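The next block holds one structure in the form of structure tokens; read it before the comments.
The values are calculated or read from the model by the stated rules, or taken from the named source; none is laboratory data. It should be emphasised that the depicted structure is a prediction, and the values quoted were computed from it without experimental measurement. Using ideal geometry, Cβ is built from the backbone for each residue, glycine included, and neighbour counts are taken over all protein chains shown. To get the accessible areas, we keep the full protein, side chains included, count just its heavy atoms, and leave off ligands, DNA and RNA. Shrake-Rupley method; radii C 1.70, N 1.55, O 1.52, S 1.80 Å.
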2 protein chains.
Amino acid sequence: MRSNGGETIQLGHGDGGVLTRQLIKHLFLRYFKSTQIQEMDDAAVFRTGGRSGAITTDTFVVSPLFFPGGDIGRLSVCGTVNDLAVNGAVPRYLAAAFTIEEGFGVPVLERIVRSMADAARESGVQVIAADTKVVEKGSADGIFITTTGYGPVRRGLRLGVRMIRSGDRLVVSGNVGEHGLTVLLAREQFGLHAEIRSDCAPLADVIDRLLSECTGIRFLRDLTRGGLATALTEVAESCGLDVIVEESQVPVSSACAGVADILGLDPLYLACEGKFLAVVDARYAEEALCCLRQHPLGSGAKLVGQFRTGKGQVFLRTAVGGTRRLLPLSGRPLPRIC
Amino acid sequence: MRSNGGETIQLGHGDGGVLTRQLIKHLFLRYFKSTQIQEMDDAAVFRTGGRSGAITTDTFVVSPLFFPGGDIGRLSVCGTVNDLAVNGAVPRYLAAAFTIEEGFGVPVLERIVRSMADAARESGVQVIAADTKVVEKGSADGIFITTTGYGPVRRGLRLGVRMIRSGDRLVVSGNVGEHGLTVLLAREQFGLHAEIRSDCAPLADVIDRLLSECTGIRFLRDLTRGGLATALTEVAESCGLDVIVEESQVPVSSACAGVADILGLDPLYLACEGKFLAVVDARYAEEALCCLRQHPLGSGAKLVGQFRTGKGQVFLRTAVGGTRRLLPLSGRPLPRIC
């Protein structure tokens, strides 16, 4: 993305794929020069009062507002809680900012706020600040919610792409792709119905257990926009190692696989809102897997791949024995799934 | 605002006046039960790592995006920095979340981001986290920006409405109403042109000087949505004391007074983005005034009123000797001025 006079923002600039990365690199990193933002993690870590805290912000524009398994309110809490959790922070406080279109139903707003309050309780966070703006009818699509989360970072914990070593194993905490597919189906433009629900859930508790009980955890990342494939391409590029993913091991429900196939979508690129990847020292990978599987939000965890010396690329070893390279999400954007 | 089936959000729910207060009381306070949010300050204070930090969030939907004296980028930084500063925090980190309409010009976005970076530098804060969402053409009006700020609270400082005592003096840091009026004029729907600029500025430095050099500062509040009058009605109601404001002492530029008069608007209800009120122990009021006047952002400071035992109401003593009660902004909303 060069800033010549005629260039405009496309839907793809918000889908978490190649265009989003370009926007971040060429615009935000260029002007907002800080150590934290240069690292392009989902949360920024800073020192305050002698210890480290993490902060993360996300706007939620999901359409439709309600879908099987969740709604914009639940999503806006879980998404931010999860960004903190995967960065080793203990989610504690949330600030919520609402942009509402004139004419929006107060009972609908109440349902959303109640859902946020429920998700906050479930996640162990307090909503301590809020703001409301109202724009004229036609100037927004219903409601957008921005949540910003704060939490102290666990002492002595060292998580980060720089910790990843050749030989490390890749764990995925459960079935991928369900949130993205559920939201797409909820738009009813495909006339398809399937038994799929969003996996939208707060990961603070399962990650707390993993980090408390297990050794050798190098890196965690929740699998949102762009899905597992996009997350892995970013991780591989950042750490400079290749990742080999065993396609047959990646957990995908048969309902999800079937519907994605009909729509010509790859579940590896579809967003989750209650799943994460963990990179674990190979010696402790089985132990981490066992630990995860004892938690309801990690019961479908699988070892799906391994890091090795390379050029920072991601390869998928297919069920039939072939290998193909995975690239970040690019092209057909999947807008407004979160 | 009761939540019956037919009720909808109106523009007034976002103007900082009576309807906004109702929405906060009946919806947000009801579901988000936390000590911090019950206090309804512009920033929430919490303990972390043995000391206090403050967090505040605001969405900016100003229309138009550019106006004399500022733009949505500068506003989104100053507004959040000022909310922290008036709560006794030292603004340190910002998170920024962008909701952008498909088709928005990249050069315009770049101009806004550059303006944010400049304002952040001027305010002494770092932008450490960001998020971008893109919605389809027609689903948002150009760009909305949510900024969330964090800063440690000064040790030993006790600011708050509960600190206010009968006899305390009210100081206003300079001319009121200029931001709101500038934005209204920039919409060009009135065919009026005047030499008025937004006062949009970061108040961290002037407030730092006031709090470092002066004694007896009880309470600070920036004068945004709803203007001086609405801010005072909230303060009076919260502390249970009356406030008597001398109309002749409230600083209003003649250009602002003239244009407001033509439009039938009262400058006391128009937003500022670079002014604040200070409640000061009467014994130290002159000292605070001198201190403020030495700073470019407080050079027009005036003593405008006094608190006294009463029922939590605000009265304006007019130039001709009469007295009338000031009520919070209600009725004709002034939408999207921040």
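D for chain B, whole µm²/s, Stokes-Einstein with Kirkwood Rh over alpha-carbon pairs at 37 °C and 0.692 mPa s: what number? The partial results should precede the final answer.
Numbers: Rh = 20.4 Å.
Result for D is 161 µm²/s.
What whole-number volume per residue, in cubic angstrom, does the convex hull of the C-alpha atoms of the stretch A:192-266 give? Numbers along the way, then the final one.
On the way: hull volume 10.4 nm³, N = 75.
Per-residue hull volume (Cα only) is 138 Å³.
Once you compute Rg and the Kirkwood Rh from C-alpha atoms, what is the Rg to Rh ratio for the protein assembly as shown?
Details: Rg = 25.8 Å, Rh = 25.9 Å.
Here Rg/Rh amounts to 1.00.
Please identify every one of the GluC sites (Glu not before Pro) in the stretch B:115-217 that sits in a loop by DSSP and has no more than 10 other beta carbons within 10 Å of its own beta carbon. Write down the numbers at each step before the final one.
Details: sites: B:122, B:136, B:178, B:188, B:195, B:213; in loops: B:136, B:188, B:195.
Counting only loop positions with at most 10 other Cβ atoms within 10 Å, the GluC sites (Glu not before Pro) in the stretch B:115-217 are B:188, B:195.
Work out how much length residue B:188 to residue B:212 would gain on full extension: take 0.36 nm times their residue separation and subtract the Cα-Cα distance, in nm to one decimal. Walk me through the numbers on the way to the answer.
Numbers: separation 24, 0.36 × 24 = 8.64 nm, distance 4.25 nm.
Length gained between residue B:188 and residue B:212: 4.4 nm.
Which ³J(HN,Hα) values in Hz, rounded to whole numbers, follow from the phi angles of the stretch A:80-89 under the Karplus curve 6.51 cos²θ - 1.76 cosθ + 1.60, where θ = phi - 60° and Gly and Pro get x?
Running phi through 6.51 cos²θ - 1.76 cosθ + 1.60 with θ = phi - 60° gives 6, 4, 5, 4, 5, 4, 5, 9, x, 9 Hz.
Can you sort A:19, A:185 by solvent-accessible area, 1.4 Å probe, largest first?
Details: A:19 50, A:185 20 Å².
Output order, biggest surface exposure first: A:19, A:185.
In whole Hz, what ³J(HN,Hα) sequence does the stretch B:313-322 give by Karplus (6.51, -1.76, 1.60; θ = phi - 60°), x for Gly and Pro?
Values, residue by residue: 10, 10, 10, 9, 8, 6, 4, 8, x, x Hz.
What would the Debye equation give as log₁₀ I(q)/I(0) for the stretch B:243-338 at q = 0.12, 0.16 Å⁻¹, counting only Cα atoms as equal point scatterers?
-0.47, -0.85
Please find, in a Gaussian network model of chain A (springs between Cα atoms separated by less than 10 Å), the residue of A:179, A:13, A:26 whose mean-square fluctuation is greatest.
A:26
Under a 10 Å cutoff between Cα atoms, tell me which one of B:111, B:225, B:293 has the largest fluctuation in the Gaussian network model of chain B.
B:111
For residue B:302, give me every one of the lysines with a C-alpha distance below 30 angstrom, ignoring sequence neighbours fewer than eight places off in its own chain.
In chain and number order, the partners are B:275, B:311.
Please list 3J(HN,Hα) in residue order for the stretch B:115-122, calculated via the Karplus relation 6.51 cos²θ - 1.76 cosθ + 1.60 where θ = phi - 60°; whole Hz, with x for glycine and proline.
5, 5, 4, 5, 5, 5, 4, 4
For the pair residue B:317/residue B:51, report the inter-label distance in nm, with labels modelled 7 Å from Cα in the Cβ direction.
4.3
Hey, in the GNM for chain A with a 10 angstrom Cα cutoff, which one of A:267, A:107, A:91 fluctuates hardest?
A:107
In whole percent, and with a 1.4 Å probe on the protein chains, what portion of the accessible area of the stretch A:47-155 is carbon and sulfur?
Its accessible area is 45 percent carbon and sulfur atoms.
If you take the C-alpha gyration tensor of the stretch B:161-326, multiply each eigenvalue by 5 and take the square root, what semi-axes do you get, largest first, in whole Å? Spell out each step's value before the answer.
Details: eigenvalues 133, 74, 33 Å².
For the stretch B:161-326, the ellipsoid semi-axes come out as 26, 19, 13 Å.
Would you mind computing, in nm to one decimal, how far apart the modelled labels at residue A:30 and residue A:8 are, each placed 7 Å from Cα along Cα→Cβ?
About 2.1 nm separates the two model spin labels.
Give the average over all directions of the projected area of the C-alpha convex hull of the stretch A:20-168, one decimal, in nm². Spell out each step's value before the answer.
Working: hull surface 46.4 nm².
Answer in nm², one decimal: 11.6.
For the stretch B:107-149, just list the percent of Cα-Cα distances falling in each 5 Å bin from zero outward, please.
Distribution as computed: 5, 16, 27, 26, 15, 8, 3, 0 percent.
Tell me which of B:179, B:68, B:220 sits at the most positive position along the dipole axis of chain B, charges placed on C-beta atoms (Lys, Arg +1; Asp, Glu -1).
B:220
Determine the distance separating the Cα centre of the stretch B:206-252 from the Cα centre of the stretch B:272-338; give it in Å without decimals.
Centre-to-centre (Cα) distance: 5 Å.
What translational diffusion coefficient, in µm²/s and rounded to a whole number, does the Stokes-Einstein relation yield for the stretch B:42-87 at 4 °C and a viscosity of 1.567 mPa s, taking the hydrodynamic radius as the Kirkwood radius over Cα pairs?
109
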